[in-house]
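**Student:** What follows is a single structure, and I will ask about it in a moment.
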């Protein structure tokens, strides 16, 4: 006699033949572990995201003619950008994702944002020449970041190849900040001066001029008392007039690379002679 469910047209699980072996392969035992390892580390990427926000905030403030806020936001982005890599190394949370995300954040904060700030402040009335200078700077920042990523482990870590994009951004927005601080409106000569500064920063980023990286300084070892006193004095000097002091420091750093390059070139020439 047939079961009642078979008489009604229904079939139970026991009525079906057993599936062939291998028809439905079991999931691999290590799959969940692989998925978990593809997550991102939160702590260093929080600093990168904060730096990206500072760059975006600077663009918004420039659109509202708030030049001081825009410049300060770029300098804040510089501080945050210098911290994310150190935090990743200290906590052993380095990753390819973090490196790529940091480069994209740098492109916004130190590439697009300074170019837009100086363009809105002084370069717009120059017409074609204005946006050409802004684009040269922006493209120089992108090329500088791409070259830095591809040359890791190849060049001497004691020196950067070309002006670092944060320092270039400090030169450009520092120029805007210092004249805004003294209440000087952009005149014709000042617009062309901004044009020259923007081109200088953009081109210097893609040169092979060496700039000291300060990466060989060991901050973990003990230092003499005068070093701590020097840091305090430097902070006091910066607090007197941040716009003037910071702009002067980064202009000196931008020129130092050319001085070092000329010194090495002359020394090489003397040895060959």
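The values are calculated or read from the model by the stated rules, or taken from the named source; none is laboratory data. What you are looking at is a predicted structure, and each value in this text was computed from that prediction instead of being measured. Note that each Cβ is placed from the backbone with ideal geometry, even for glycine, and that neighbours are counted across all protein chains shown.
**Student:** Being modelled with pLDDT under 95, part of a loop (DSSP other than H, G, I, E, B) and in contact with a strand residue (DSSP E or B) (Cβ under 8 Å, 6 or more places away or on another chain) is true for just one of 208, 256. Which residue is that?
**Tutor:** 208
**Student:** Part of a helix (DSSP H, G or I), at pLDDT 75 or above and closer than 29 Å to residue 177 by Cα: is that true of residue 236 in this structure?
**Tutor:** yes
**Student:** Given the criterion surrounded by 10 or more Cβ atoms within 10 Å (Cβ to Cβ) and either over 25 Å from residue 245 (Cβ atoms) or at pLDDT below 55 (or both), identify the matching residue among 8, 31, 52.
**Tutor:** The conditions single out 52.
**Student:** Check 230, 249, 190, 244 and return the single one that is modelled with pLDDT under 90, surrounded by 10 or more Cβ atoms within 10 Å (Cβ to Cβ) and either at negative phi or in contact with a strand residue (DSSP E or B) (Cβ under 6 Å, 6 or more places away or on another chain) (or both).
**Tutor:** The unique qualifying residue is 230.
**Student:** If you go through the range 78-97, how many residues are without any contact (Cβ under 8 Å) to a residue 60 or more places away in the chain and surrounded by 13 or more Cβ atoms within 10 Å (Cβ to Cβ)?
**Tutor:** 11
**Student:** Considering each residue of the range 138-160, count those that are more than 13 Å from residue 205 (Cα to Cα) and part of a helix (DSSP H, G or I), and give that number.
**Tutor:** 2
**Student:** Tell me, yes or no, whether the range 213-227 has at least one residue that is modelled with pLDDT of 80 or more and part of a helix (DSSP H, G or I).
**Tutor:** There is no residue in the range 213-227 that is modelled with pLDDT of 80 or more and part of a helix (DSSP H, G or I).
**Student:** Only one of 100, 120 is without any contact (Cβ under 8 Å) to a residue 60 or more places away in the chain, surrounded by 15 or more Cβ atoms within 10 Å (Cβ to Cβ) and over 16 Å from residue 42 (Cβ atoms); which?
**Tutor:** Residue meeting the stated conditions: 120.
**Student:** Moving on to the next point. Are any of the residues in the range 249-269 over 22 Å from residue 147 (Cβ atoms) and in contact with a helix residue (DSSP H, G or I) (Cβ under 7 Å, 6 or more places away or on another chain)?
**Tutor:** Within the range 249-269, one or more residues are over 22 Å from residue 147 (Cβ atoms) and in contact with a helix residue (DSSP H, G or I) (Cβ under 7 Å, 6 or more places away or on another chain).
**Student:** Further, regarding this structure: Could you run through the range 161-195 and say how many residues are farther than 19 Å from residue 246 by Cα and outside any loop (DSSP other than H, G, I, E, B)?
**Tutor:** Within the range 161-195, residues that are farther than 19 Å from residue 246 by Cα and outside any loop (DSSP other than H, G, I, E, B) number 7.
**Student:** Working carefully through the options 110, 75, find the one that is closer than 25 Å to residue 191 by Cα, within 11 Å of the chain's Cα centre (by Cα) and either assigned to a helix (DSSP H, G or I) or modelled with pLDDT under 95 (or both).
**Tutor:** Matching residue, one of 110, 75: 110.
**Student:** Which condition number in (1) out of contact with any strand residue (DSSP E or B) (no Cβ under 6 Å at 6 or more places or on another chain); (2) closer than 18 Å to residue 85 by Cβ; (3) surrounded by fewer than 24 Cβ atoms within 10 Å (Cβ to Cβ) is the one that residue 159 fails?
**Tutor:** Against the list (1) out of contact with any strand residue (DSSP E or B) (no Cβ under 6 Å at 6 or more places or on another chain); (2) closer than 18 Å to residue 85 by Cβ; (3) surrounded by fewer than 24 Cβ atoms within 10 Å (Cβ to Cβ), residue 159 comes up short only on (1).
**Student:** Got a sec? Which of 188, 199 is under 16 Å from residue 124 (Cα atoms) and free of Cβ contacts under 8 Å to residues at least 60 places away in the same chain?
**Tutor:** Unique residue meeting the criteria: 188.
**Student:** Could we say that residue 139 is under 15 Å from the mean Cα position of the chain (by Cα) and surrounded by fewer than 16 Cβ atoms within 10 Å (Cβ to Cβ) here?
**Tutor:** Against the criterion (under 15 Å from the mean Cα position of the chain (by Cα) and surrounded by fewer than 16 Cβ atoms within 10 Å (Cβ to Cβ)), residue 139 qualifies.
**Student:** Residues being in contact (Cβ under 8 Å) with a residue 24 or more places away in the chain and surrounded by fewer than 18 Cβ atoms within 10 Å (Cβ to Cβ): count how many of those fall in the range 123-135.
**Tutor:** Total satisfying the criteria: 2.
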